[in-house]
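Remarks on the structure that follows.
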Amino acid sequence: MDQSQSGTNGIGQRLRELRQKRGLNQQDLASADISVSYVSLIETGKRAPSETVLKALAERVGCTVDYLKTGRDDARVKELELKVAFGDMALRNGSNGEALQSFSEALANAPLLGEAMIHRAKLGQALAFEKLGRLEAAIQLFTTLYEDPATVPGSAEWAQLAVALCRAYRDAGDQMMSVEVGERAMKRLDRLGLDFTDDHIQLGSTLISCYYHRGDLTQAQLLVNRLTQLAEQAGSRVARGSVYWNAAQVANSRGQLAEALALTERALVLMAETDNARHLGILKLNCAVYLLDSDSSDLDRVESLLGDAQESVLEGGTAVEQAKVEIGFTRLALRQGTPDSAINRASRALGLLRGEARTDSAFARVLLAQAQFEKGEEQAAAETLRAVERELLQSPSNRNTAQVWRQAGDVWQANGHVAEAMALYQRALTGAGLPPLQAPARMTVPLS
């Protein structure tokens, strides 16, 4: 085959690949001057198109004439690489929708990009999906990247993807898978016998959080003990702060509020010099929540912590994280005796959640009902608590939902509705793993 025919074949092949990638048929490329049969002849390499025809076809498939001719388009490649860079920057700034659009536009032109740039865009797209709450899409992409043969087990990138996958499953409510992924990754690291890096410590720290959300506090504490020692020996300030952050959650779940506060304060000191404003904001939110849980009288500090947290998550946090801050402000308003402010804050939280994170949404409604009772709006409060019941019945039965059942029961009881409170306490016991007894209980002694 002569050189001109070889070049013609290259044009036809690239034209066909781009057409098919964009979901077009040959009819879509045809016009008054270009027949369907002519398009077919070009794609099969039997006709060499003129410059005018090439320009028209390039416009229809979204590329340049140079790309159709040579397979190279340096200007277009540079433009797409800038889109990926913009996506990275948008993610850091919390503009998650813009980031997703940039990464998606770059990936729509993947044939023009190198493997490394495609990988970077896919990772960015997955992170954007996660931050936008589109967790199923995020999990699918994280899994593809994590299982890619090019991802070397034990590498920093592998550890970061394992963390992301654990986190996405956890936030999607699939606690079994979040723990399974984390445990498999930790065992893989143990078998490899590698020195622990910050990325590995972060993986273990995320697994602590997964255990915590599953309600497996014993495994969480065992891993806390192991990672605390490793982090103190070899971890950076950020790695140590991450361990203390999750250790505080475990301590709080065990009712050790003073320890939870101390660990969170320690994490804040360690992570104060980082540029991750979102993480610092969430830590300050957690600190404020533990102070509220402990009935601290230092409400000025609680308000200051919540204000700092709100500023941080508004810049780079998710809608759920912003809602959690509003829930914190709702609790503060109730402590300050300002039910109108509490109602406004709870309503903002519900608007941010929009049906997502049902447990957080149900808790916001519990606080809303409490504020309505304090204002004397008993009918509205009762309707709100009924909505809490409907929401929790659609949620998985676990420790977190059990806690909200209990909190809703407490609001009923505090306002003289004992029968309603008892019904919700039963729900709480069931959610905590204690189903209603079918016969009078008898004390049994375990076999020693």
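Each value in this text was obtained by applying a stated rule to the coordinates, not by laboratory testing. Here the structure is a predicted model, which is why all the values come from computation and not from measurement. Cβ atoms come from the backbone with ideal geometry, glycine included; neighbour counts cover every protein chain shown.
A few comments on the model shown:
- The slack in the chain from residue 218 to residue 21, taken as 0.36 nm per residue of separation less the alpha-carbon distance, amounts to 65.8 nm.
- 14 Å cut-off, amide nitrogen to a point 7 angstrom out along residue 232 Cα→Cβ, residues in the range 259-284: 263
- Order by protection proxy (mean Cβ within 10 Å, highest first), peptides 98-111, 144-157: 98-111, 144-157
- Once the C-beta distance of residue 403 and residue 134 is scaled by a Förster radius of 22 Å, the resulting FRET efficiency is 0.25 to the nearest 0.05.
- Backbone N atoms of the range 158-173 closer than 15 Å to the 7 Å Cα→Cβ label point of residue 188 belong to residues 158-167.
- Kirkwood-Stokes translational diffusion coefficient of the chain, alpha-carbon pairs, 10 °C, 1.306 mPa s, µm²/s: 62 µm²/s
- Two-site FRET efficiency, residue 315 against residue 82, from Cβ-Cβ distance with R₀ of 25 Å, rounded to 0.05: 0.60
- Shape class for the range 318-430: oblate, because the ratio a/c of the largest to smallest gyration tensor axis (alpha-carbon atoms, square roots of eigenvalues) is 1.5 or more and b/c is at least a/b.
- The calculated FRET efficiency for residue 335 paired with residue 176, based on their beta-carbon distance and R0 = 30 Å, is about 0.25.
- The fraction of all Cα pairs in the range 257-371 landing in successive 5 Å bins from 0 to the largest distance is 2, 13, 22, 23, 21, 12, 5, 1, given as whole percents.
- Segment residue 258..residue 304, full-extension length gain: 14.6 nm, with 0.36 nm per residue of separation and the alpha-carbon distance subtracted.
- The range 63-182 - Rg and Dmax from Cα coordinates, angstrom: 15.7, 52
- You can think of it this way: the chain between residue 92 and residue 430 has 117.5 nm of extra reach, that is 0.36 nm per residue less the Cα-Cα gap.
- For residue 291, the shell of other residues with beta-carbons less than 12 Å away shows a net charge of -2, using +1 for Lys and Arg and -1 for Asp and Glu.
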